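Q: Provided herewith is a single structure, encoded as structure tokens, for subsequent inquiry.
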């Protein structure tokens, strides 16, 4: 059975994108905000909810830019849809995962980051944020493929 997730790419108007730093398995991972799709939710509903939980921001969700699939023996069948989003309200802050208690929270930091800063991040999910995303923003669609396989 497939398990679905969402991530939202939100820009600040100055060529920076909103990122969250989470701590998993003894390491920090930078990623676009988002999370799992819950029973009864659409991907867009999940995206709006997850952004509010993780960042305190209210967003509208727009275009789908990537559909990333992963099929492994260890993790099973998973997919993540990456959308573009726009801020509609709220205040930027480090949120919390409602499914985790106090000291088990994984969210550590939330902020806007530019291309140069992202290129220096040790662990980034997905790696496409280092290069392909910026090509997409600049209108370079020649090699653009929204469907990805993660190994």
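Q: Return yes or no: is residue 59 out of contact with any helix residue (DSSP H, G or I) (no Cβ under 8 Å at 6 or more places or on another chain) and touching a residue at least 24 places away in the same chain (Cβ under 8 Å)?
A: So residue 59 fails the test.
Q: Filter the range 1-27 down to residues that are surrounded by fewer than 21 Cβ atoms within 10 Å (Cβ to Cβ) and either touching a helix residue (DSSP H, G or I) at 6+ places or on another chain (Cβ under 6 Å) or not in a strand (DSSP E or B) (or both) and give me whichever is modelled with the highest pLDDT.
A: So, considering only residues that are surrounded by fewer than 21 Cβ atoms within 10 Å (Cβ to Cβ) and either touching a helix residue (DSSP H, G or I) at 6+ places or on another chain (Cβ under 6 Å) or not in a strand (DSSP E or B) (or both), the one modelled with the highest pLDDT is 12.
Q: Follow-up question, since we're still on this one. How many residues does the range 33-80 hold that are assigned to a strand (DSSP E or B) and closer than 24 Å to residue 100 by Cα?
A: 11
Q: Right, next: Look at residue 136 and say whether it is within 18 Å of residue 8 (Cβ to Cβ) and part of a strand (DSSP E or B).
A: No: the conditions fail for residue 136.
Q: Out of 76, 40, which single residue is loosely packed, with under 15 Cβ neighbours inside 10 Å and in contact with a strand residue (DSSP E or B) (Cβ under 9 Å, 6 or more places away or on another chain)?
A: Just a single option satisfies the conditions, and that option is 76.
Q: Would you please list the contacts, defined by Cβ atoms under 9 Å and residues six or more apart or on different chains, that run from a residue in the range 81-109 that is farther than 25 Å from residue 11 by Cα to a residue that is modelled with pLDDT under 95 and loosely packed, with under 13 Cβ neighbours inside 10 Å?
A: none
Q: In addition: Checking the condition modelled with pLDDT of 90 or more, surrounded by 13 or more Cβ atoms within 10 Å (Cβ to Cβ) and within 18 Å of residue 12 (Cβ to Cβ), which residue from 61, 71, 48 passes?
A: One residue alone meets the criteria, 61.
Q: If you don't mind, another one. Looking at 110, 123, can you tell me which residue is farther than 24 Å from residue 1 by Cα and either at pLDDT 95 or above or out of contact with any strand residue (DSSP E or B) (no Cβ under 6 Å at 6 or more places or on another chain) (or both)?
A: Of 110, 123, the one residue that is farther than 24 Å from residue 1 by Cα and either at pLDDT 95 or above or out of contact with any strand residue (DSSP E or B) (no Cβ under 6 Å at 6 or more places or on another chain) (or both) is 110.
Q: Continuing with this model, one more query. Test residue 89 against the stated conditions and say whether it is exposed (fewer than 12 other Cβ atoms within 10 Å of the Cβ) and assigned to a strand (DSSP E or B).
A: Judged against the criteria, residue 89 is a match.
The values are calculated or read from the model by the stated rules, or taken from the named source; none is laboratory data. From a predicted model like this one, the values you see are computed outputs, not experimental measurements. Quick reminder, even Gly has a Cβ in these numbers, built from the backbone with ideal geometry, and neighbours come from all protein chains shown.
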